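Below: one structure in structure tokens.
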Amino acid sequence: MYWNGGAERLFGYSSADALGNSIDSLIVPPGHVDDLGRYRREALTTGFSTFETARLRKDGSLIFTVVSNKAVYDAEGRAEFVLITQKDVTHLKVLRDAKLVESQYRDLLESTPDAIIMANQTGRIVLANSQAERLFGYERGELLGTLVEVLLPSRYRGGHVAHRSGYFGQPRTRSMGAGLELYGLRKDGSEFPVEISLSPLQTDGGTLVMSAIRDITYRKGIESALQEKNVELERANQAKDRFLASMSHELRTPLNGIIGFAEFLSDGKPGPLNDKQKEYLGDILNSGRHLLHLINDMLDLVKIQAGRVDLALERFSLSEAIYEVCTGVHPLAVSKGIDINVTIENGIDFVTLDKPRFKQILFNLLSNALKFTDEHGHVGVDVTSVDGGRFRLVVSDDGIGIRAEDIGRLFTEFEQLESGTSRRFGGTGLGLALTRKLVDLHGGEIGVESEFGKGSRFAVILPLVMKGIAT
Amino acid sequence: MNAARILIVDDNKTNLKLASDVLAFGGYEILNASDAESAQQIIETSRPDLILMDIGLPGMDGLTFTRLLKADEATRHIVIVALTASAMKGDDVRAREAGCDGYITKPIDTRTFPAAVAGYLPVRA
């Protein structure tokens, strides 16, 4: 092979680089399907062939050349070698491609809000709509024929050439650099964040790539403002949790004194009491215990919300746990003359759950049912099996029920329905919110059906065997 | 009557008084201290049979104080029962590790407290 100075200038390889190498491996872009053999054979038989194609330079950039093959014969008329001339027609090709897309797409692309840039395989811009020119700060037509890399901050240019060549190997519609921060460079040297989507465009002049470019400065600003706001909110929320946790603890300490002394007094330990004294001490005790219950529920809610509650799973008898809870609410049921009717489907007994938490769920539902049911009403606890290794626990009553429009708020903190119910029935407004969170922790579901004035049915679905997190 | 002598160490005055009075009505001889330093003096002069130790004391905390008492030949025989807040998970384990002979969770139940304490008292010859 002979390699002249012109070839060196055009392709970037010196004669020493080139000699001994196959010309195909040197300057034919990888994966390029030229019918080189055909053109060479044509040159050998007819003496001449010519075609236009893309060629690769040493620096990895593509150019368009017109290739002329001319056979050179020896004295006996045999073809001795082929003289290959390559003329750089890149700029010409750009102008031709520009003319082609101008006529076909310009009007269409001027009507979109996005900046659109089209480039051919050599990476030269063949079309930039006026939105693109304005976005990057160029005059009308100024970008035509320049390498697309002028629109990139210099630190990205080298990588971009390689990506661009790769894109023509496998052209498809996609967004550029998904998950990466991309920046555009204005003519005045300033940068701005962009979002770019790429799509190939098949034309008579070969494959072009169309990029839609969007300035996302505004969106980025909003995103980072939101992010900061979120961090701030998260911090405030944690501070609130810490505050509530320590307040709950601080509130309980003096309350223990109140409850303890009232209990001690009302038991008559320090001396005999008259009936009124006994009654008032009973009132202090009840109020104190109610307040303690409220504080405990609040602490539980805060702990669950902060993800600080671990379930302690154990195997236990469901009927036994239900019996224990029923015993706990027995005094309230007796005082209102309400019978609690418990039925458990045959074959359901042992379950693996957090027993104290399960009892808390049932206790909350059952004490609500008793609270909101009139004297001599009916309250039921029913356990049935549900497919998927689960069971349904239903607590039903024929009490005051819940209005349909109130059901949505039922499981939210501090949403006791009618104002005044709290005073009448002594609820905390935390019980159902806490109950729902406890059910969630067990991977269960909770729901309610109710008709106002006729009663309510709270149903909880829980797994029979809760799979623990390995500890 | 030779009543058992119980030292209660708690920095909360009300809790201290409640526990003291409940036990005093149970027939025990009660000593009070609000921190480790004053408790140490009482132990040296009065030799209690049992100490009810609040864990969260100001200054030297109850567990450190327990370790010191259990490391001392003169005081290691004294039964130490930790008073732990029920809300604080793991306090029971830490109390055992520090050398406490048992623990009672706060808030105390005035009806069961004297019996719970009695369960920890050494049987007298």
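Please compare each pair in A:Lys229/A:Lys303; A:Lys336/A:Lys454; A:Lys240/A:Lys278; A:Lys303/A:Lys467; A:Lys278/A:Lys336; A:Lys278/A:Lys454 to a cut-off of 29 Å on the Cα-Cα distance and tell me which ones are over it.
The answer is A:Lys240/A:Lys278; A:Lys278/A:Lys454.
Using r as the Cβ-Cβ distance of A:Asp59 and A:Arg242, and R0 as 60 Å, what FRET efficiency do you calculate, to the nearest 0.05?
For R0 = 60 Å, the calculated efficiency reads 0.50.
Please order B:Cys100, A:Cys326 by the number of other Cβ within 10 Å, starting at the fewest.
Ascending Cβ contact count within 10 Å gives the list A:Cys326, B:Cys100.
Let me ask something else. So if I average 1/r over every pair of distinct C-alpha atoms in region A:175-316 and take the inverse, what Kirkwood radius in Å does that give?
For region A:175-316, inverting the mean 1/r across all distinct Cα pairs yields 22.2 Å.
Can you divide the C-alpha Rg of region B:59-111 by 2.2 N^0.38 Å and report the result to two decimal places?
In units of the 2.2 N^0.38 Å rule of thumb, it is 1.17.
Also: Using a Förster distance of 56 angstrom, determine the FRET efficiency expected from the C-beta separation of A:Val465 and A:Ile284, and round it to 0.05.
Efficiency, from the Cβ-Cβ distance: 0.80.
Just tell me the longest site-free run in chain B, where the sites are trypsin sites (Lys or Arg not before Pro) in a DSSP loop having at most 14 other beta-carbon atoms within 10 Å.
Between exposed loop sites, the widest span is B:1-75.
Divide, for region A:1-129, the radius of gyration over alpha carbons by 2.2 N^0.38 Å, where N is the residue count.
1.31
Let me ask another. For A:His376 and A:Ala312, FRET efficiency with R0 = 35 Å and r from the beta-carbon atoms, rounded to 0.05?
Once the sixth-power term is evaluated, E becomes 0.35.
Mind listing P(r) for chain B? All alpha-carbon pairs, 5 Å bins, whole percents.
Answer for chain B: a P(r) of 2, 11, 24, 27, 21, 11, 3, 0 percent.
Ok, one more. Using 0.36 nm per residue, how much length does the chain from A:Ser335 to A:Glu250 gain when fully extended, once their Cα-Cα distance is taken away?
27.2 nm
While we're looking at this one, here's another question. Just to be sure I understand the model, the point goes 7 Å from the Cα along the line to the Cβ. What's the resulting A:Lys276 to A:Ser319 distance in nm?
In this crude label model, A:Lys276 to A:Ser319 measures out at 5.2 nm.
Which residues' amide hydrogens lie under 5 Å from the amide hydrogen of A:Val379, considering only partners 5 or more residues apart or on another chain, with H built in the peptide plane?
A:Asp339, A:Asn341
Based on the Kirkwood radius over alpha-carbon pairs, what value in µm²/s does the Stokes-Einstein equation return for the translational diffusion coefficient of region A:105-157 at 10 °C and 1.306 mPa s?
The calculation lands on 140 µm²/s.
Take every residue in peptide B:15-22, count the Cβ atoms of other chains within 10 Å of its Cβ, and give the average of those counts.
4
Antiparallel as a % of all DSSP beta bridges within the protein assembly as shown, to the nearest 5?
If I count the DSSP bridges inside the protein assembly as shown, around 75 percent turn out antiparallel.
Within 10 Å of each candidate Cβ there may be at most 14 other Cβ atoms; applying that plus a DSSP loop requirement, which GluC sites (Glu not before Pro) in region B:44-125 survive?
Passing both the DSSP loop test and the Cβ count: B:Glu73.
List B:Ile55, A:Ile304 from most exposed to least, where exposure is judged by having the fewest other Cβ atoms within 10 Å.
A:Ile304, B:Ile55
What ³J(HN,Hα) values, in whole Hz, does the Karplus curve 6.51 cos²θ - 1.76 cosθ + 1.60 give for region A:444-449 when θ = phi - 60°, with x put for Gly and Pro?
x, 10, 9, x, 9, 10
Evaluate peptide A:260-270: per residue, the Cβ atoms of other protein chains within 10 Å of its Cβ; return the mean as an integer.
Taking all residues of A:260-270 together, the mean is 4.
Another question about this same structure. Evaluate the charge dipole of region A:72-199 about its Cα centre and quote only its size in Debye, nearest 20, assuming +1 on the Cβ of each Lys and Arg and -1 on the Cβ of each Asp and Glu.
Result for region A:72-199 is approximately 120 debye, rounded to the nearest 20.
Continuing with the same structure: What are the semi-axes of the equivalent ellipsoid for region A:36-78, taken as the square roots of 5 times the Cα gyration tensor eigenvalues, largest first, in whole Å?
Computed over region A:36-78, the values are 27, 11, 7 Å.
Using only alpha carbon pairs under 8 Å that are at least six residues apart, calculate the relative contact order of chain B and give it in whole percent.
Once divided by the residue count of chain B, the mean separation gives 23 percent.
Sorted from largest down, what three extents in whole angstroms do the Cα atoms of region A:80-205 have along their principal axes?
Over region A:80-205, Cα extents along the principal axes are 58, 32, 29 Å.
Taking only the Cα atoms of the protein assembly as shown, how large is their convex hull per residue, in Å³?
It is 326 Å³ per residue.
Evaluated at 20 °C with a viscosity of 1.002 mPa s, what Stokes-Einstein diffusion coefficient in µm²/s does region A:266-413 have when Rh comes from the Kirkwood expression over alpha-carbon pairs?
After rounding, the answer is 119 µm²/s.
Per-residue HN-Hα couplings for region A:22-29, Karplus 6.51 cos²θ - 1.76 cosθ + 1.60 at θ = phi - 60°, whole Hz, x for Gly and Pro?
Karplus-based 3J(HN,Hα) across region A:22-29 equals 6, 4, 5, 6, 7, 10, 8, x Hz.
Follow-up. Cα axis of helix A:154-169 to longest principal axis of chain A: angle in degrees, 0 to 90, nearest 10?
Roughly 80 degrees between the two axes.
For B:Ile8, which sequence-distant residues (separation of 5 or more, or a different chain) have an amide H within less than 5 Å of its own amide H, given hydrogens modelled in the peptide plane?
When sequence neighbours closer than 5 places are left aside, the close amide H contacts are B:Leu31, B:Asn32, B:Ala33, B:Leu52.
Any idea what Rg and Dmax come out to for region A:162-240 if you just take the C-alpha atoms, in Å?
18.5, 66
Select from region A:243-323 those trypsin sites (Lys or Arg not before Pro) which occupy a DSSP coil region and have at most 13 other Cβ atoms within 10 Å, ordered by residue number.
A:Arg308
Convert each backbone phi in region A:256-273 into a coupling constant with the Karplus relation 6.51 cos²θ - 1.76 cosθ + 1.60 (shift: θ = phi - 60°), then list the ³J(HN,Hα) values in order as whole Hz, x for Gly and Pro.
Once rounded to whole Hz, the list reads 4, x, 4, 5, x, 5, 4, 4, 4, 5, 5, 6, x, 4, x, x, x, 10.
List A:Val150, A:Val194 from most exposed to least, where exposure is judged by having the fewest other Cβ atoms within 10 Å.
Exposure proxy ranking, most exposed first: A:Val150, A:Val194.
As a check on your grasp of the helix formula, calculate [θ] at 222 nm for chain A: sum -39500 (n - 2.57) over DSSP H runs of n ≥ 4, divide by the residue count, round to the nearest 500.
Taken over chain A, the calculation gives -14500 deg cm²/dmol.
Under 5 Å between amide hydrogens, which residues at least 5 positions from B:Ala85 or on another chain qualify, with H placed 1.01 Å from N in the peptide plane?
Hits under the 5 Å cutoff: B:Lys106.
Give me the angle, in degrees from 0 to 90, between the Cα long axis of helix A:275-305 and the longest principal axis of the Cα atoms of chain A, rounded to the nearest 10.
Taking the Cα atoms of chain A, the angle to A:275-305 is about 10 degrees.
Could you work out the equivalent-ellipsoid semi-axes for region A:57-140, taking the square root of 5 times each eigenvalue of the Cα gyration tensor, largest first, in whole Å?
42, 13, 8
Once every Cα of region A:294-379 carries one equal point scatterer and solvent is ignored, give the base-10 log of I(q)/I(0) from the Debye formula at q = 0.22, 0.24 Å⁻¹, two decimals.
Here the Debye-derived log intensity ratios amount to -1.09, -1.16.
I'd like the distance between the alpha-carbon centres of region A:281-351 and region A:257-275, rounded to an integer number of Å.
Their Cα centres are 27 Å away from one another.
Read-outs: derived from the displayed coordinates by stated rules, not from any lab. None of these values were measured; they are calculated from a predicted model. Cβ: placed from backbone, ideal geometry, glycine included. Neighbour counts: every protein chain shown.
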